[in-house]
Amino acid sequence: MQTDKTLTLAEQCAAAIRWRTQEIPHLETALADLDGNTCNGWEIWRDRTHPTKSPKLYVFHRTGETCPLHGASEDGGRLRTYIGCDPDNIAEAQAAMMRHIEKQNVEAQLSKIKYGLFSCGHYLDQFFASLDYTVNDDGTIE
Ligand SMILES: [Zn+2]
């Protein structure tokens, strides 16, 4: 019967909202940990297939964009950062680019949860209105 399903859903509603709400501080902490330690550029290699020269890594960034790790170009143009051929420097730059992707994923998760919770508030207003209740600003119903 549909009423049984509705009651089951309603009983889980508060817990589901609490679980999602509890994820927010964890995601915000993850974002804070990544702050300033990411690179929003991409790899460009030189001499990668050269028979005698060592491959050198550059990190290119979008025109006018500031990289949290590498900064901005002095003329407001595209920042090209020379990383070189040192394996430690290459690994560090690549790790920073991976952290940027991770940051974007965390931001997307956070945004999805916040939008979902916002939508829930709207749906709950409609839910109570459909049962002919009035929802007050403090969340109580009459
Ligand atoms: Zn960078």
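Every read-out reported here was derived from the displayed coordinates using simple, explicitly stated rules and does not represent laboratory data. Nothing here was measured: the structure is a model prediction, and the numbers come from that model. Here Cβ is always computed from backbone atoms with ideal geometry, including for glycine, and neighbour counts include all displayed protein chains.
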* Asked: By how many degrees, 0 to 90 and rounded to 10, does the Cα axis of helix 2-34 deviate from the longest principal axis of the chain?
  -> 30
* Hypothetical label at LEU124: residues of region 1-16 whose amide nitrogen lies under 13 Å (7 Å Cα-Cβ projection) -> 10-16
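Compute, for region 80-142, the length of the dipole vector about the Cα centre, with Cβ point charges of +1 (Lys, Arg) and -1 (Asp, Glu) only. Units Debye, rounded to 20. Intermediate results must be reported in sequence, preceding the final value.
Numbers: 5 positive and 10 negative charges, 81 e Å.
With only Lys, Arg, Asp and Glu charged at Cβ, the dipole is about 380 debye.
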* 19 Å Cα-Cα reach of LYS112 towards lysines, excluding residues that sit fewer than 8 places from it in its own chain -> LYS103
* If amide H atoms are built 1.01 Å from N in the plane of the peptide, which residues on other chains or at least 5 residues away come under 5 Å of the amide H of CYS67? -> ALA72
* **Reach of LYS53 by Cα under 19 Å, taken over aspartates and glutamates that are not fewer than 8 positions away in the same chain** => GLU43, ASP86, ASP88
* Structure fact -> Distance in Å, no decimals, from the C-alpha centre of region 96-141 to the one of region 7-45 is 12
* Asked: So what's the back-of-envelope 222 nm ellipticity for the chain, counting only DSSP H runs of four-plus at -39500 (n - 2.57) apiece and dividing by all residues, rounded to 500?
  -> -20000 deg cm²/dmol
* Asked: Counting alpha carbon pairs within less than 8 Å and at least 6 residues apart, what relative contact order, in whole percent, applies to the chain?
  -> 21
* Structure fact -> In degrees rounded to 10, the 0-90 angle between helix 87-130 Cα long axis and the longest Cα principal axis of the chain is 20
* **Sequence-separation-based contact order of region 39-107, relative, with Cα cut under 8 Å and 6+ spacing, percent** => 30
* Label-point separation in nm, GLU28 to TYR82, each point 7 Å along Cα→Cβ -> 4.3
* Kirkwood Rh over Cα pairs of the chain into Stokes-Einstein at 25 °C, 0.890 mPa s: D in µm²/s? -> 127
